[in-house]
1. Estimate the FRET efficiency between Thr15 and Glu77 by the formula 1/(1 + (r/R0)^6), using the beta-carbon distance for r and 22 Å for R0, to the nearest 0.05.
2. Ignoring ligands, DNA and RNA, what percent of the 1.4 Å accessible area of the chain is carbon and sulfur?
3. With label points built 7 Å along Cα→Cβ from the Cα atoms of Glu161 and Glu50, find their separation and express it in nm.
4. Evaluate the distance, in nm, between pseudo-label points positioned 7 Å from the Cα of Thr133 and of Gln65 along their respective Cα→Cβ axes.
5. Using only Cα atoms and rounding to the nearest 10 degrees, what angle (0 to 90) does helix 144-161 make with the longest principal axis of the chain?
6. Run the dipole for the stretch 1-95 about the Cα centre, Lys and Arg Cβ at +1, Asp and Glu Cβ at -1, nothing else charged, and hand back the magnitude in debye, nearest 20.
7. Extending each Cα 7 Å along its Cβ direction at Asn99 and Thr43, get the distance between those two points in nm, one decimal.
8. Please work out the Cα center distance from the stretch 32-97 to the stretch 103-163, rounded to the nearest Å.
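The values are calculated or read from the model by the stated rules, or taken from the named source; none is laboratory data. It should be emphasised that the depicted structure is a prediction, and the values quoted were computed from it without experimental measurement. Ideal geometry is used to build each Cβ from the backbone, glycine not excepted, and the neighbour counts take in all protein chains shown. The accessibility values were calculated without ligands, DNA or RNA, using every heavy atom of the protein model including side chains. Shrake-Rupley method; radii C 1.70, N 1.55, O 1.52, S 1.80 Å.
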Amino acid sequence: MENRVSNNEVFIEDTINASAERVFSAWTDPEKLMKWFAPNGCTIHFKKLEVKTGGQFHSCVSNPQFEDCWCIGEYKEVTPNSKIVFTMANANEDGEPINPVEIGMDPDWPDKTIVTVTFTEEDGKTKLQLRQTVSQELAKKTGAYPSWLQMLATMKTILNENR
């Protein structure tokens, strides 16, 4: 992993032994997304999922140790096999944004973040870069950063099993 991190963003880079088309599909196919888009020990379900530019999502990560965590967002850009940009904000079950502090999150956590994922294929493998508009230090402290690492590891395992 290369280190091109600024203090104000999460940056994760990984190489995945699958084509950009397969990796992109893992991020955009609802059935595939449900298998990996939650940290270890958690599950996710979607009340709404429209993976297209301008589309929206409303998801719930269920964690047996804590309360459900609802999230909403909008897909700002979906470029097949190349790039996905979406917003993420904490919400309630009705899809209304809520202040992260109200659900016990760090007071420095922003109301909304933007996640940018790029896919670059080379020799049948895909370099994935993920950026999120929140300080990497804060993301590590809150568990968001290790959650991304867990979810991406699960996605890689699934892609390797389904070759």
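1. According to the calculation, E is roughly 0.45.
2. 46 percent
3. 3.2 nm
4. About 3.1 nm separates the two model spin labels.
5. Result, in degrees: 40.
6. About 220 debye.
7. 3.3 nm
8. 13 Å
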